[in-house]
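Asker: Below: one structure in structure tokens.
The values are calculated or read from the model by the stated rules, or taken from the named source; none is laboratory data. Because the structure is a prediction, the values reported are computed rather than measured. Neighbour counts run over all protein chains shown; Cβ positions are idealised from the backbone, glycine included. Surface areas here come from the heavy atoms of the whole protein model, side chains and all, with no ligands, DNA or RNA. Shrake-Rupley method; radii C 1.70, N 1.55, O 1.52, S 1.80 Å.
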Amino acid sequence: MRKLTNILVTGGAGFIGCNFIRVLLTKTPDFKGRIINLDALTYAGNASSLADIEKEFGGSRYFFQHADITDRARVEEIFKRYDIDTVIHFAAESHVDRSITGPEAFIKTNVMGTFTLLDVARNYWTETRADGTKGIRNDVLFHHISTDEVYGSLGDTGFFTETTPYDPRSPYSASKASSDHLVFAYHHTYGLPVTLSNCSNNYGPYHFPEKLIPLMILNMLDGKSLPVYGDGKNIRDWLFVEDHNTAVWAIVNKGTSGEKYNIGGENEWTNIDLLQRLIDIVAAKAKLDPAAIRSTITYVKDRPGHDRRYAIDCSKLKKELGWKQSVTFDQGLERTVDWYLANPGWVANVKSGDYQKWVEHNYGKR
Ligand code: NAD
Ligand code: DAU
């Protein structure tokens, strides 16, 4: 039986992690434990995303630790101080475009950082049994959050399943694939209890505004151009972030150790069709002229090695763990647009970091 009492969430100040922590502490009555949020607060991490949680639960059920997952001594200290029994590992360098302009940070955090966490967990969770032998406790779990991008790129048909061979094609996806292999290596070699999930594109509140959906919403509101890579026909499968997180919680509770689970929205869109839908929603809510917004769509140079299509078969998760998506794409997009309209302070805060400099350096002012 898993303890799930002192959960180390890494990367909890990022997009998906902060939504996960909020839902777990405010909307998950079966969870009674504590969350320790370990985050290095890179350009993508914002402590302010959890200010309400800090206020309500800080010091009782929520603890923030500003630390880097590659810093072994700090990670060991955190395991000991909070007697960690579960790791839910979100922390990563997550933006494909940044991995093209600066791959090193991806190798360091995604590969070395995951290795450090696995190795500290293995040591901390090793016990001496009654017969004098040593082994890893069976009430602990290391859950690794990964991506569908490890499977490569699809043609017009077919879906990624849990047995699709890995074929990562960007420095980001190669670093995530490496971390996935390390997770299973620790399971097979040392008996570390692990689960792993490969998810499709998330969207929702607190999404960092370099990624497609928040970038487009905010550019529309600012009257800036809408940069579409290549021909705009690349396909992604979109999943509302809260649905990703209910899937993660189901796997952490009921998933079989040593198994991986695909998580997806079953919701494929070309980038250009998604943008057209988003324009209608933003225009209606912000009382803007949709035709004027459409005139700002600009086809720009394609992402090098741009994967054409991702599509997830998540039937294993649905059948074995009874999970399903709860939000239609229109509902999710409306909630997302409402959130960005209601939170200009958060946007100004995250944009005041190195984000603007990075965009201007790579793309010029847009
Ligand atoms: P994000 O970039 O918004 O957040 C990443 C968080 O990790 C930030 O808070 C950052 O400060 C922290 N971090 C980065 N390097 C760190 C380090 N060395 N030590 C400690 N903390 C560090 O990412 P996200 O979109 O929330 O993604 C979370 C996880 O989900 C990642 O592992 C990503 O690969 C995976 N994933 C994301 C998506 C998506 O659509 N966003 C889809 C599938 C899988
Ligand atoms: O599939 C899961 C992955 O989804 C996660 O593992 C990554 O962490 C996450 O960032 C996301 O990766 P993508 O590269 O798919 O997301 P992004 O929002 O960067 O781009 C989505 C699509 O939109 C992609 O085809 C590129 C395109 N795009 C993106 C931007 C930022 C544009 O056309 N214009 C843009 O300005």
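Asker: Output the residue which, of all residues in the stretch 43-72 that are within 16 Å of ligand 2 (Cβ to nearest atom) and in contact with a helix residue (DSSP H, G or I) (Cβ under 8 Å, 6 or more places away or on another chain), is most open to solvent (accessible area, probe 1.4 Å).
Answerer: Looking at residues that are within 16 Å of ligand 2 (Cβ to nearest atom) and in contact with a helix residue (DSSP H, G or I) (Cβ under 8 Å, 6 or more places away or on another chain), I get Tyr43.
Asker: Yes or no: Lys324 free of Cβ contacts under 8 Å to residues at least 40 places away in the same chain, more than 16 Å from ligand 2 (Cβ to nearest atom), touching a helix residue (DSSP H, G or I) at 6+ places or on another chain (Cβ under 8 Å) and open to solvent by 60 Å² or more (accessible area, probe 1.4 Å)?
Answerer: In short, yes.
Asker: Further, regarding this structure: Under 6 Å between Cβ atoms, which residue pairs at least 6 apart in sequence (or on different chains) link something in the stretch 20-41 that is over 19 Å from Thr109 (Cβ atoms) with a partner that is open to solvent by 20 Å² or more (accessible area, probe 1.4 Å) and in a helix (DSSP H, G or I)?
Answerer: Leu25/Phe57
Asker: Do you know which residues across the stretch 157-174 are part of a loop (DSSP other than H, G, I, E, B), open to solvent by less than 50 Å² (accessible area, probe 1.4 Å), touching a residue at least 24 places away in the same chain (Cβ under 8 Å) and over 23 Å from Lys108 (Cβ atoms)?
Answerer: Scanning the stretch 157-174 gives Gly158, Thr161, Glu162.
Asker: May I pose another question? Would you call Asp39 within 14 Å of ligand 1 (Cβ to nearest atom) and not aromatic (Phe, Trp, Tyr)?
Answerer: Values: within 14 Å of ligand 1 (Cβ to nearest atom): yes; not aromatic (Phe, Trp, Tyr): yes.
Criteria met by Asp39.
Asker: Report, by residue number, each residue of the stretch 327-352 that is buried (at least 16 other Cβ atoms within 10 Å of the Cβ) and not in a helix (DSSP H, G or I).
Answerer: Matches in the stretch 327-352: Val327 only.
Asker: Could you please tell me which pairs satisfy a Cβ distance under 9 Å, a separation of 6+ or placement on different chains, a first residue in the stretch 86-110 that is more than 21 Å from Asn19 (Cβ to Cβ) and crowded, with 24+ Cβ neighbours inside 10 Å, and a second residue that is modelled with pLDDT of 95 or more and among the charged types (D, E, K, R)?
Answerer: Phe106/Glu93; Phe106/Arg98; Phe106/Lys176
Asker: Can you name every residue in the stretch 225-274 that is farther than 30 Å from Asn138 by Cβ, away from ligand 1 (no atom under 13 Å from the Cβ), in a helix (DSSP H, G or I) and hydrophobic (A, V, I, L, M, F, W, C)?
Answerer: Ile272, Leu274
Asker: Moving on to the next point. Are any residues in the stretch 259-277 among the small types (Gly, Ala, Ser) and either closer than 16 Å to Gln331 by Cα or open to solvent by 20 Å² or more (accessible area, probe 1.4 Å) (or both), and if so, which ones?
Answerer: Listed by number, the list holds a single entry, Gly265.
Asker: Would you be able to tell me the number of residues in the stretch 175-211 that are within 9 Å of ligand 2 (Cβ to nearest atom) and buried (at least 21 other Cβ atoms within 10 Å of the Cβ)?
Answerer: Count: 8.
Asker: Would you check which residues across the stretch 212-224 are in contact (Cβ under 8 Å) with a residue 24 or more places away in the chain, within 15 Å of ligand 2 (Cβ to nearest atom) and either in a loop (DSSP other than H, G, I, E, B) or surrounded by fewer than 18 Cβ atoms within 10 Å (Cβ to Cβ) (or both) and list them?
Answerer: Answer for the stretch 212-224, where residues must be in contact (Cβ under 8 Å) with a residue 24 or more places away in the chain, within 15 Å of ligand 2 (Cβ to nearest atom) and either in a loop (DSSP other than H, G, I, E, B) or surrounded by fewer than 18 Cβ atoms within 10 Å (Cβ to Cβ) (or both): Leu218, Lys224.
Asker: Among the residues of the stretch 302-319, which ones are under 23 Å from Ala174 (Cα atoms) and open to solvent by 60 Å² or more (accessible area, probe 1.4 Å)?
Answerer: Asp302, Pro304, Arg308
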